[in-house]
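I have placed the structure first, in the form of structure tokens, so that the comments after it can refer back to it.
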Amino acid sequence: MSESNHFLRAIELDNRSIPCPVPFPRYAKNILVALCKDIPFQVKCSSCNQELRSHTELSAHFRTRCRNAHPVAYSEQSIAERKAKDHVDRQKDRVASTLDRLALHVEVEKKNKAEKNKAFQEKLHDQHAHGLQELEFVKGLPGTDAARICVNQWLKMPGLKPGIVCSSRRNKNRFREQSPVRNTPIICPIVHCNRKYDNGQLLLGHLKRFDHSPCDPTIHLHGAPSNSYACDACLQRFNSPDKYDDHVTAKARLADGHENNIPPQVINSFACPLCFLLFNLRDECLQHMSESNHFLRAIELDNRSIPCPVPFPRYAKNILVALCKDIPFQVKCSSCNQELRSHTELSAHFRTRCRNAHPVAYSEQSIAERKAKDHVDRQKDRVASTLDRLALHVEVEKKNKAEKNKAFQEKLHDQHAHGLQELEFVKGLPGTDAARICVNQWLKMPGFLHCC
């Protein structure tokens, strides 16, 4: 920050706005890395602006054409812009969720009003029947003509007509225009979208947003999730942090991998092991697997391979949603295969051209394929990391071997000099010819000659 003069912006931490490094949790780091990994980049020549697609092409270009230029890397977005776009997407999702809640509130209010109107009509009908019954009881008695006239006039009031509560024309039309309350959810008419809504207002908002991506694992997530807390050592789940703490405290004495300072994994959703759709409740996921016959694949948990819902921690859910959000999708006509880019264009197309066709949503990858690709990428990164460690190990071994050979050569040179010095001291003395011959033979050994 000091070298790059990046003290211009401050993130508010602990109610203080100070330009300092921002602590990044692991899940936030994983999300940011996954978001930035999908941003395309280009390498171009600074002189002729030609795109260079490989190291070989780059080397040949600067060796034969633009020798005085240099390569420059460009990306469509910077890290800060990508993070800002993700923040805007989260704000859009929050606004969309708020609008959905408001539409649901309006629908509930309409339902309550319809129920109150129905109860009021039943009450009026009961009063009608009670009035007629009373008139039959007093029929023929003196002094009842005035009461009969009063009751007949009351029964002729406009409010007593079937299906009408108030006599005003505005309220009549409003009551007639009220749509019936649905007990079954409404499915989006776009094929492969598969989203369901409780009322028409929510469906209309979804259609106007034009969010029909088939690669969306959150289409069945409704309402607030119910969190559970899983132990990393034994994969047991608990309803509250206190029960998890009691479990870890009891198991830590057995020294079987449980430790008191390890936080739990927060499980707030369950995934189908075949299509990786997310659900808030485990029973909802089981019902989906049963209806779709998705008991064909099992994820190994706790050394057992059983087709069952996969508990998804919060950070894994965020990573999966971030990965699937970047998958592009298209909505096309099933008849003429024309791409439709908005709800207005879609409505006009099927109203004027292909009236007997229907819209279909396509995506480049499904949720399971995106998850598998991410798994393959992680395996590739792991293999590349292993190869890098092996190459580093080989390089270190070569360096150590070279240092040992150098030390051995220095030792041989020292022994050579010492032998020559000793021969000079005993030169001319009787009985030293055998020693001189021995030293000369030792100096002529292949290892010594190679070192010299």
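Amide H contacts under 5 Å for D232: Q265, restricted to partners 5 or more places along the chain or on a different chain, H placed in the peptide plane at 1.01 Å from N.
Protection proxy ranking for 196-204, 184-192, using the average of other Cβ atoms within 10 Å per residue and placing the highest first: 196-204, 184-192.
Quick check on my link table: of K92/K317; K208/K317; K29/K208; K29/K243, which ones sit more than 23 Å apart, alpha carbon to alpha carbon? Among K92/K317; K208/K317; K29/K208; K29/K243, the Cα-Cα distance tops 23 Å for K208/K317; K29/K208; K29/K243.
Phi-derived couplings, Karplus 6.51 cos²θ - 1.76 cosθ + 1.60 at θ = phi - 60°, listed residue by residue for segment 267-277: 9, 10, 7, 10, 10, 5, x, 9, 10, 6, 6 Hz, with x used for Gly and Pro. The phi-based Karplus calculation (6.51 cos²θ - 1.76 cosθ + 1.60; θ = phi - 60°) puts the 3J(HN,Hα) values of segment 92-98 at 4, 4, 5, 5, 4, 5, 4 Hz, whole numbers, x for Gly and Pro. Under 5 Å from the amide H of L340 lie the amide H atoms of V331, K332, C333, each residue being 5 or more positions distant or on a separate chain, with H modelled from the backbone and absent for Pro and chain starts.
Each reported figure results from applying straightforward, stated rules to the coordinates on display, with no laboratory input. In this text the structure is predicted, and so the values were computed from the model without any measurement. Here Cβ is always computed from backbone atoms with ideal geometry, including for glycine, and neighbour counts include all displayed protein chains.
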